[in-house]
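The values are calculated or read from the model by the stated rules, or taken from the named source; none is laboratory data. Note that the structure is predicted; figures quoted are calculated from it, not measured. Note that each Cβ is placed from the backbone with ideal geometry, even for glycine, and that neighbours are counted across all protein chains shown. The protein model used for the area step is the full one, side chains on, heavy atoms only, and it has no ligands, DNA or RNA in it. Shrake-Rupley method; radii C 1.70, N 1.55, O 1.52, S 1.80 Å.
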Amino acid sequence: MFRALARASAALGPQAAGWVRTMASHQLLVAPPKALLKPLSIPNRLLLGPGPSNLAPRVLAAGGLQMIGHMHKEMFQIMDEIKQGIQYVFQTENALTLAISGSGHCALEAALFNILEPGDSFLVGVNGVWGQRAADIGERIGARVHPMIKDPGGHYTLQDVEEGLAQHKPVLLFLTQGESSSGVLQPLDGYGALCHRYKCLLLVDSVASLGGTPIYMDQQGIDVLYSGSQKVLNSPPGTSLISFSDKAKNKIYSRKTKPVSFYLDMKWLANIWGCDDQPRIYHHTTPVISLYSLRESLALIAEQGLENSWRQHREATAYLHERLRGLGLQLFVKDPAIRLPTVTTVTAPAGYNWRDIVNYVMDHFDIEITGGLGPSVGKVLRIGLLGCNATQENVDRVIHALQEALQHCPRNKL
């Protein structure tokens, strides 16, 4: 073959010979980036924001394993084990349970794209940024969106929800169990049964709460539940967990219109994840390495046990609250019963620029904490104790860093 190419280049002349040699018709105008010719350098940081969290060592090791094909039988076995792990952490027996190739936002879109159709009535609890996002997506689908708006720090009572259900007659209610932008833990007992009395499905976001506080999908009557990989599970961002009850599955399979996204079409995803008892057909190339990591994350929490994980977060966060009060700082959520045990919100200290505190802690101690998000911007500092990061040692480290920041950051005394 190479001799034939050489003869062709001699016959075609110098210009054509160049084409044959290079297999290109133009010269390169963009040089190799100098930055990419240097080794990759990553700082060693303690991530105590609302997520992502540091990777557990076993999860980190899984990310270094060799690739296999996304349609290999060994990969299907890993996917089946992931499904079982999701069923465990969600406490569900739903057959339609799988992982999404995308972050928690992608799981939210998967839920809404598959459940809602244009014109459907959609009731949304908006007590932080995640309700705002759910309402935005619902509007893009063409649903009739009815937001129930609460100030940051608020939650929804059964009476609040029943009033919305009676007035708007929605097909779907959205609630956030762990509103990480405000630090609120939404109660869930009784909400599923209430929705079902009004012929409404219940969708719950547990991205910031899963593994850190109890949730019982089947027993609490939750119809669609989703979460993310990068919080308590200590896995890389980019995969998410989702499950649908039989009621939700029936809504999907009786749609009059196709979901607006092919990538997130649950009928296709159900097949590739082995949820429909049919031979698996290629839909998209799943993130194989990320799924290794997710499998190991779920294995770790299965080995620890959900109740032990919940206890770990409850105790570490109680210790954090005690130490914060010792610094004279105030917790943003006043009612202890609705404080999220994974992400704590601290009222932004008077007289300080919250950005100065966050930057000082990062620059001097290599510890990440963050300010507010969405409606809580400027109101709070957020400290996350997620998964393997939920330890008294890490609390002591961040408290020391905060103490130094409060002593050294400029303060407006007016």
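The GLU307 and ARG45 beta-carbon pair, evaluated with R₀ = 30 Å, returns a calculated FRET efficiency of approximately 0.50.
Of the residues LEU373, ALA337, ASN394, the one whose Cα sits farthest toward the positive end of the charge dipole of region 306-408, with +1 on the Cβ of Lys and Arg and -1 on the Cβ of Asp and Glu, is ALA337. Here the accessible area of region 57-304 is 53 percent carbon and sulfur, with a 1.4 angstrom probe and all protein chains present. The C-alpha atoms of the chain define a longest principal axis, and helix 2-12 lies at about 70 degrees to it. With a Förster radius of 41 Å applied to the C-beta separation of GLU93 and VAL377, the computed FRET efficiency comes to 0.50. Taking Cα atoms, how many degrees apart are the long axis of helix 306-326 and the longest axis of the chain, rounded to 10 and kept between 0 and 90? The angle comes out at about 60 degrees. The residues of region 306-408 expose on average 44 square angstrom of accessible surface per residue, using a 1.4 Å probe on protein heavy atoms.
Length gained on full extension, LYS38 to ASP396, computed as 0.36 nm times the residue gap minus the Cα-Cα distance: 125.3 nm. In the chain, the DSSP beta bridges split such that about 50 percent are antiparallel, to the nearest 5. Using a Gaussian network model of the chain in which every pair of alpha carbons under 10 angstrom is joined by a spring, one finds that among GLU109, GLU368, GLU163 the greatest mean-square fluctuation is at GLU163.
Here the Gaussian network model covers the chain, with springs between Cα atoms less than 10 Å apart; of LEU225, LEU241, LEU40, LEU40 fluctuates the most.
With R₀ set to 35 Å, the beta-carbon distance separating LYS73 from PHE262 gives a calculated FRET efficiency near 0.85. In terms of accessible area, using a 1.4 Å probe and ignoring ligands and nucleic acids, HIS105, HIS146 rank largest first as HIS105, HIS146. In a shell of Cβ-Cβ distance under 13 Å around ARG255, excluding ARG255 itself, what net charge do Lys and Arg (+1) and Asp and Glu (-1) give? My count for the surroundings of ARG255 gives +2. Secondary-structure-derived ellipticity at 222 nm for the chain, considering helices only, amounts to -12500 deg cm²/dmol, per-run term -39500 (n - 2.57) for DSSP H runs with n ≥ 4. Rounded to the nearest 20, the Cβ-based charge dipole of region 57-304 about its Cα centre (Lys and Arg +1, Asp and Glu -1) stands at 520 debye. Summarising the strand pairing of region 57-304, around 40 percent of its internal DSSP beta bridges are antiparallel. Label zone (GLN278, point 7 Å along Cα-to-C-beta; backbone nitrogen cut-off 13 Å) within region 226-258: 253.
State the label only: which of (1) 1.15; (2) 0.95; (3) 1.39 corresponds to Cα Rg over 2.2 N^0.38 Å computed from the shown model? Here Cα Rg over 2.2 N^0.38 Å agrees with entry (1). Remark: the chain carries a charge dipole of roughly 1260 debye about the Cα centre, counting +1 on each Lys and Arg Cβ and -1 on each Asp and Glu Cβ.
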